[in-house]
């Protein structure tokens, strides 16, 4: 039995004492954020069932679809699991549930899909179009061997096909997606169901739309980098349709800024950050702001279009950061090991290993 007591140390915190994880529902910090315990018990094992009683062997990716169903990439078992919103049930949709690793074939039943991810740096990514759990959409997931698989339901049975990465060609406009390979692949999904592939190297990466099996540039890549004066590493799309990323590389950005490219690709601007963004940049799917952090900094922080940067503290307040500061967290900040903005505007956080629960933050500032 897990016994947890949350003490009231800050005004505005709803404190919850509970025995067993299933009694935990949510905590509201001030009027800023609501934090829900979404799934998993905190025990390291693989177990399906009610979402708060389920277990996992280490997560490296989380996403949700348009209906609010969630999907998780379990790194040790190399399988994909789903949380169905309508009944709160967790179940495995790919793989054997046992510790395994392999390379996807061209396609077939999803329970025979082998995925490969064991590199901490090249973490997996997922994106959903429509509502895959109800058979009205597809789920896409990257594979560590340099490809992307599509998962969908056919007559109630999950199927998969490899849609990117069997060949050896470099990404290029008009190229067949199945013929290319890439050192880095990230996925994005738009509200209207478009799937974007962010392909490239650790130094530069560009976004292509996946359309009829072909790569279609989301913007003029060469023009953007010419205007920027260095390489552009695209990280995703914000709520205003801007393409967002860093200047000069993936993990060690060359400049202290967020690069924002307008939806038509004609306007390139640099929004200053207190230090060079490292490790991750997550565009907010609902507005024009961009979450960022440095390596080994697990705080939640963002910079807005005015160049003002804020860090979320444990009491639910946002602390304005100076224009220049040392990278890294602080003792009064709210920390999550991993964090990613979801397509519906919420923010998911979890610890990559150890079977930790997944938490979801809903912003309560009235700007949604």
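The values are calculated or read from the model by the stated rules, or taken from the named source; none is laboratory data. Given the structure is predicted, the values throughout are model-derived calculations rather than measurements. Because the Cβ atoms are built from the backbone with ideal geometry, glycine has one as well, and the counts that use them run over all protein chains shown.
Per-residue answers, yes or no, for (1) in a loop (DSSP other than H, G, I, E, B); (2) under 21 Å from residue 357 (Cα atoms); (3) out of contact with any helix residue (DSSP H, G or I) (no Cβ under 7 Å at 6 or more places or on another chain):
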{"position": "61", "(1), (2), (3)": "no, yes, yes"}
{"position": "86", "(1), (2), (3)": "yes, yes, yes"}
{"position": "102", "(1), (2), (3)": "yes, no, yes"}
{"position": "105", "(1), (2), (3)": "yes, no, yes"}
{"position": "111", "(1), (2), (3)": "no, no, yes"}
{"position": "114", "(1), (2), (3)": "yes, no, yes"}
{"position": "124", "(1), (2), (3)": "yes, yes, yes"}
{"position": "130", "(1), (2), (3)": "no, no, yes"}
Which members of the range 258-275 meet the condition of being surrounded by fewer than 20 Cβ atoms within 10 Å (Cβ to Cβ) and in a loop (DSSP other than H, G, I, E, B)?
262, 263, 264, 265, 266, 267, 275
Any residue at all in the range 328-340 that's over 29 Å from residue 55 (Cα atoms), within 16 Å of the chain's Cα centre (by Cα) and either surrounded by 20 or more Cβ atoms within 10 Å (Cβ to Cβ) or without any contact (Cβ under 8 Å) to a residue 60 or more places away in the chain (or both)?
no
Go through (1) without any contact (Cβ under 8 Å) to a residue 60 or more places away in the chain; (2) surrounded by 16 or more Cβ atoms within 10 Å (Cβ to Cβ); (3) in a loop (DSSP other than H, G, I, E, B) one by one and return the number of the condition residue 295 breaks.
(2)
Can you tell which of 306, 344 is without any contact (Cβ under 8 Å) to a residue 24 or more places away in the chain and either within 19 Å of residue 26 (Cα to Cα) or out of contact with any helix residue (DSSP H, G or I) (no Cβ under 7 Å at 6 or more places or on another chain) (or both)?
306
What are the residues in the range 192-212 that are farther than 17 Å from residue 174 by Cβ and without any contact (Cβ under 8 Å) to a residue 12 or more places away in the chain, if any?
192
Result of the Cβ filter at 8 Å on the range 213-234, keeping first residues that are in contact (Cβ under 8 Å) with a residue 12 or more places away in the chain and at positive phi and partners that are surrounded by fewer than 17 Cβ atoms within 10 Å (Cβ to Cβ) and not in a helix (DSSP H, G or I), at least 6 apart or interchain, is 213/176
Could you tell me which residue of the range 92-112 is modelled with the lowest pLDDT, considering only residues that are in contact with a strand residue (DSSP E or B) (Cβ under 6 Å, 6 or more places away or on another chain) and closer than 10 Å to residue 80 by Cα?
95
From 255, 250, which residue is at pLDDT below 95 and surrounded by 20 or more Cβ atoms within 10 Å (Cβ to Cβ)?
250
Scanning the range 98-114 residue by residue, those in contact (Cβ under 8 Å) with a residue 40 or more places away in the chain and buried (at least 17 other Cβ atoms within 10 Å of the Cβ) turn out to be 104, 110, 113
So residue 241 fits all but one of (1) on the phi > 0 side of the Ramachandran plot; (2) in contact (Cβ under 8 Å) with a residue 24 or more places away in the chain; what number is the exception?
(2)
When residue 224 is run through (1) farther than 19 Å from residue 63 by Cβ; (2) in contact with a helix residue (DSSP H, G or I) (Cβ under 7 Å, 6 or more places away or on another chain); (3) modelled with pLDDT of 95 or more, the failure sits at (2)
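Could you check the range 64-75 and list, in sequence order, the residues that are buried (at least 20 other Cβ atoms within 10 Å of the Cβ) and either assigned to a loop (DSSP other than H, G, I, E, B) or modelled with pLDDT of 95 or more (or both)? Show your work before the answer.
We begin by selecting, within the range 64-75, every residue buried (at least 20 other Cβ atoms within 10 Å of the Cβ); these are 64-65, 69-75.
Matches in the range 64-75: 64, 65, 69, 70, 71, 72, 75.
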